[in-house]
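This report concerns only the one structure given below.
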Amino acid sequence: MKNHQAFVANVLSMMLLLAASQRSAFAQKQNDSTRHSQDSIKIRVLEEVTVRSKMLLQNKSVTPVQSLKGEALQNMNSLSVADAIRYFSGVQLKDYGGIGGLKTVDTRSLGSNHTGVFYDGVQLGNAQNGQVDLGKFSLDNMEEISLYNAQRSEIFQPAKAFASAASIYLQSRTPEFGKEKYRVKTAIKTGSFGLFDPAVLWEQKISRNISSSFSGEWINANGKYKFRYTNGTYDTTAVRENADINAWRAEAGLYGMLKDSSKWRVKGYFYDASRGLPGAVVANKFSRGQRQWDRNFFLQAFYCNNVNKRFNYLFNVKYANDYMRYLDPDFVTTAGYLDNRYKQQEIYFSFANQYKIAKWWNVAMSGDFQWNKLDANLYRFAYPTRYQGLVSVATDLHFNNVVVQGGALQTMVWDKVEEYESAGNKQKLTPFLSASWKPFAKSNLRVRGFYKSIFRLPTFNDLYYTFIGNTSLRPEYTKQYDLGFTWSKAANTNPVFIQLQVDGYYNTVTDKIVAVPTTNLYRWMMLNLGKVEVHGIDASLETSWKCFQQLVVNATIKYTYQHAVDITPDADNYNQQIPYVPLNSGSAIVNMLWKTWCFNYSFIYSGERYSQKMNIPVNYVQPWYTHDLSLSKKFSCKHFNGKLLLEVNNVFNQYYDVVLNFPMPGRYWRVGAEIGIRN
Amino acid sequence: MKKILIVLLVVIGFSNCRKDPSIVGHEEVEVQPDSMLGSGFYLLNEGNMGMNKASLDFYDFRTGVYKRNIYNEINPAATKELGDVGNDIQIYGAKLYAVINMSDKVEVLQAYTAKRIGQINIPNCRYVAFANGKAYVSSYAGIVGDPNAPEGFVAEIDTASFQILRKVTVGRQPEEMAIVKNKLYVANSGGYSPPNYERTVSVVDLATFKEIKRIDVAINLHHIKKDNYGNLFVTSRGDYYDIHSNLFVIDTQTDKVTDSLNIAAENIYIQGDSAYVYSVEWSYISNKNVTSYALINVPEKQIISKNFIADSIQKQIKIPYGLAVNGTNGDIYVTDAKDYVTPGTVHCFDRAGRRRWSVTAGDIPAHFAFLP
């Protein structure tokens, strides 16, 4: 607690310091002799840190948003999207460790099923268990990662985009050409865990208005790393076994623009992985033999018509086919090893419309349809199919100083099963309202707030999983209230850019779907039982500095406070912090750019947590914090450009668990090289 | 640059709060001394799967002090503590045996001090029984690496050297054992292959250590307890859908099923001529667990009463899990596992079912061993 107070005091004093050092305006006139060099640096700064887009994005948004993009994202000591998302405030990554370990994200303590993950604008679904493993998504071809609380601040979007309590948008690289005809990039990474990770990206300009891209990656690793457990008397260091992964990813896209300037996009995605599941490290059992295979495929298309000045529409369509196999050689049935296979299919169709009533007034209406089916070779399996219709209406009022967005989402669900009992039909109407206000004309300060009520549907596992599923489950509701501000300033003197974002929020989760035991440890039942209340603060401060003409320093610091307590009536843990949510957490990134060199330091802190519901000593989990360093150098000559990257992660070799008994790696390193050709 | 330094200082200031590794000590609660009862009992808390939170409690009758989580302090050198899912605990001679299911081991402790003296490695071990200086441990594990060997086994262990002497293959997923006159009876469950459950008790001749026959009882068997009359009481879990849990009696003279009591039985404890039974069944109608209790007259094999503890407390118990009866004064101990992820409670009742005391235990308090 002391540390936390000291930290808050420090942040406050730092903010004051920074505010005091503001002197000159962005467009201040310069001495002629220095203007030229100043300008070129300024351009560089703008390029490198994409200040402008940051300002635009965060000032425009009426909901809190955080994003990482371009160079900043590529310099992040991260292999997957999951690694990068840890730096956002208000986020807890549930990380089972290692390259192949499951990584899911929980935003503002609402539970991981409440965060929607969108890939190129379309949601990645998992009707079976609602989990999207962010460790699967490589940063190799990722352009931008954004996290929106409530939803993306946009009314012209699919109805599904309104259907989560928080949304992560993963934007893959879209080809953009100047004079050149093609661009090829090959990259390779290797390092600890026996990692071998080659990747290729090929972008081709087909005609004036059509371009294509192909991205492929192979990740192979034995996943071995040292971990250590000690209580002061015993002190055991061992190697994580059965954590290997062999994964392929291939993506191909076609991007086009029609004569009338409407845009279209078609994208195919294929992922195939085989991995060991190392399991929990418990006394006398440090390794296991379970394995998992995944195969994910989707094809999605997008068309956006901007022809009419008043009326625009947007089509999205998707087909997804997912296969998962789980093999447990320790579980021998009369038919051999336990060998579960799950097949999921999804068809999704969305039509979004926007009409501009006046310069300051837009209205939008979207209709989505989604079909999901799950097959599994399980005993007494229901073979469920879900039909879902979503209709959203929204309006956007924007004046000089005030923006108001509001609307409602109607969700209709029909479940059908081939065997046993179905969960039947459900209909829900959920509203949202957000607004932002710029009180001073000269200062770039925006005050904003939102209210959103939304739910998550019980997953197929919640409803139909043999022995566990309960078809009478209701949806799990969340209500969010947020009030915050963004303030930013760009200047010619240090700091050349500064942005402060602070949000306070109050959330409730009701009818939380939890597993409760029945007869024995093997028999659980899903019930709507829990109730959670969250009071939180997300704060972030981003600054850019230029020193000695050539050096650009970007420093970001984020802090999260979450008082997330169980308020289920009569619960033994009433008013106690829920498992795995630290009261305090934060991150810091310092990024230094000098000519073609880039140095990156990142730090993550997660405070003390509890592994189970009761906040008692046996459930206490130590805080953890990691320091990561990376250094990269760029080369370029004529049509070629290249980059070398060296990373050392967890520099102080701290051994820690994010999830109890799933040890995280100690110090590890990575080297990478890439070479690109454009012509 | 100054500000960056500040940032770094903040970062360093932040980094200060990891505590030195330490042992989570035991906790003591004063309950109710009763020196007439003997030494005390151990209670093994199972802990939820994967949490590695099996723990050991000790209740000292003489001082009336309930000590929670004693293992770690007494055995600080045991890597990752007691382990994952404690499934059975028994005292034989001067040794305490704790079967730690998901840690693939039987932990051997000194009965009076709980000091660790050894460990027997048996994958997926479930229960332990004793006869003639040997320990017998049932295990779900088949032949490692053979997908066509779903049958489990019983291992015979020398209680002096902790070496496995012999193994015998029995039914699939064997559970509890009872030994009557040189014959070992083990209840087979077959729980890994629903709906193809096992429905037999395997009979093993201890001299030859061969399975000599199987007694057909009912599907998905679990507990097996002997009485003083050469009979065995066997519980069947049912299939959780149409076939309900039940309690059967086997006569070891004939090795045949003689009676079925037609009551749901999740757990059973026999003390003298009384058998105490409880059951928890999920009701799809009310979406709630339905718990029931029964007291059985052992020689008559008749249900005497449908409850043996006070009504008001019965309602408080969410998931009855552990069950034991004190042989000296007839006190009944019933544990409440609650939601499995919060510490449970041990309730003590006198023989009339009136509550004497209650105390918080570890996660999923389950198995008792009385110290002589």
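The values are calculated or read from the model by the stated rules, or taken from the named source; none is laboratory data. Note that the coordinates shown come from a computational prediction; the quantities given were computed from them, not determined experimentally. Here Cβ is always computed from backbone atoms with ideal geometry, including for glycine, and neighbour counts include all displayed protein chains. We work out accessible area using only protein heavy atoms, side chains counted, and drop any ligands, DNA or RNA first. Shrake-Rupley method; radii C 1.70, N 1.55, O 1.52, S 1.80 Å.
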- request: At 20 Å minimum axial length over the Cα atoms and a Kyte-Doolittle cut of 0.0, report the qualifying DSSP H helices in chain A, or say none.
  value: A:2-20
task: Among B:24, B:249, B:144, determine the one that fluctuates most according to a GNM of chain B built with springs between C-alpha atoms less than 10 Å apart.
output: B:144
message: Exposed loop sites here are trypsin sites (Lys or Arg not before Pro) in DSSP loop states with at most 15 other C-beta atoms within 10 Å. What is the longest stretch of chain B lacking them?
response: B:182-305
- prompt: Taking the Cα atoms of the protein assembly as shown, what is the range of coordinates along each of the three principal axes, in descending order and whole Å?
  reply: 108, 56, 51
- prompt: Counting only protein heavy atoms and using a 1.4 Å probe, what share of the accessible area of segment B:122-308 belongs to carbon plus sulfur, as a whole percent?
  reply: 48
- request: Could you list which residues have their amide H under 5 Å from that of residue A:331, counting only those 5 or more apart in sequence or on another chain, with H placed in the peptide plane?
  value: A:338
field: Backbone N under 13 Å from the residue A:447 label point (7 Å along Cα→Cβ), restricted to segment A:465-501
entry: A:483-486
task: Using θ = phi - 60° and the Karplus relation 6.51 cos²θ - 1.76 cosθ + 1.60, list the HN-Hα couplings for segment A:375-385 in order, rounded to whole Hz, with x at every Gly or Pro.
output: 10, 8, 8, 9, 5, 6, 8, 8, 6, x, 10
task: In Å³ and rounded to a whole number, note down the convex hull volume per residue for the Cα atoms of segment A:195-311.
output: 160
- prompt: For residue A:567 and residue B:63, what does the FRET efficiency come to when R0 = 45 Å and r is the distance between their Cβ atoms, rounded to the nearest 0.05?
  reply: 0.75
message: If I fit a long axis through the Cα atoms of helix B:2-14 and take the longest principal axis of the Cα atoms of chain B, what angle between them do I get, 0 to 90°, rounded to 10?
response: 40
- line: Connecting every pair of Cα atoms under 10 Å apart in chain B and solving the GNM, the largest mean-square fluctuation among B:76, B:320, B:147 falls on B:147
- request: Return the loop-located GluC sites (Glu not before Pro) in segment A:343-445 (DSSP other than H, G, I, E, B) with at most 12 other Cβ atoms within 10 Å of their own Cβ; answer none if there are none.
  value: A:418, A:419
- line: Relative contact order in percent for segment B:122-308 (Cα pairs under 8 Å, 6+ apart) equals 11
Residues whose placed amide H lies under 5 Å from that of residue A:576, excluding near-sequence neighbours: A:566
message: Run through segment A:271-309 and list the trypsin sites (Lys or Arg not before Pro) located in a DSSP loop whose Cβ has at most 13 other Cβ atoms within 10 Å.
response: A:309
query: Dividing the Cα convex hull volume of segment B:122-308 by residue count, how many Å³ per residue is that?
result: 129
message: Explain nothing, just compute: Karplus ³J(HN,Hα) = 6.51 cos²θ - 1.76 cosθ + 1.60, θ = phi - 60°, for every residue of segment A:164-176 in order, whole Hz, x for Gly and Pro.
response: 10, 6, 8, 9, 10, 9, 9, 10, 6, 4, 10, x, 9
message: Can you give me the orientation-averaged projected area of the convex hull built on the Cα atoms of segment A:292-443, in nm²?
response: 14.1
statement: For the table A:103/A:263; A:94/A:224; A:103/A:226; A:205/A:373, the rows whose alpha-carbon distance is greater than 30 Å are A:103/A:263; A:205/A:373
message: Just to check I understand the Karplus step: with θ = phi - 60° and J = 6.51 cos²θ - 1.76 cosθ + 1.60, what whole-Hz values come out for segment B:311-326, glycine and proline as x?
response: 3, 4, 6, 3, 5, 6, 6, 7, 10, x, 10, x, 8, 7, 10, 6
statement: Given all pairs of distinct Cα atoms, segment A:88-153 yields a Kirkwood Rh in Å of 12.8
task: Among the chymotrypsin sites (Phe, Trp or Tyr not before Pro) in segment A:310-380, which ones are in a DSSP loop with at most 15 other Cβ atoms within 10 Å of the Cβ? Mind listing them?
output: A:360, A:379
- request: May I ask you to rank B:79, A:486 by accessible area, largest first, using a 1.4 Å probe over the protein chains only?
  value: B:79, A:486
statement: Rounded to two decimals, the Debye log10 I(q)/I(0) of chain B (Cα scatterers, no solvent) at q = 0.09, 0.14 Å⁻¹ is -0.52, -1.24
- line: For residue B:354 and residue A:182, extending 7 Å from Cα along the Cα-Cβ vector and measuring point to point gives, in nm, a value of 9.2
field: Normalised contact order of chain A, rounded percent, pairs of Cα under 8 Å and 6 or more residues apart
entry: 11
- request: Quote to one decimal, in nm, the extra length available between residue A:427 and residue A:399 on full extension: 0.36 nm per residue of separation minus the C-alpha distance between them.
  value: 6.6 nm
task: State the Cα centre-to-centre distance between segment A:130-208 and segment B:218-250 in whole Å.
output: 58
- prompt: Of B:22, B:193, B:236, which is the most mobile in a GNM of chain B whose springs link Cα atoms less than 10 angstrom apart?
  reply: B:22
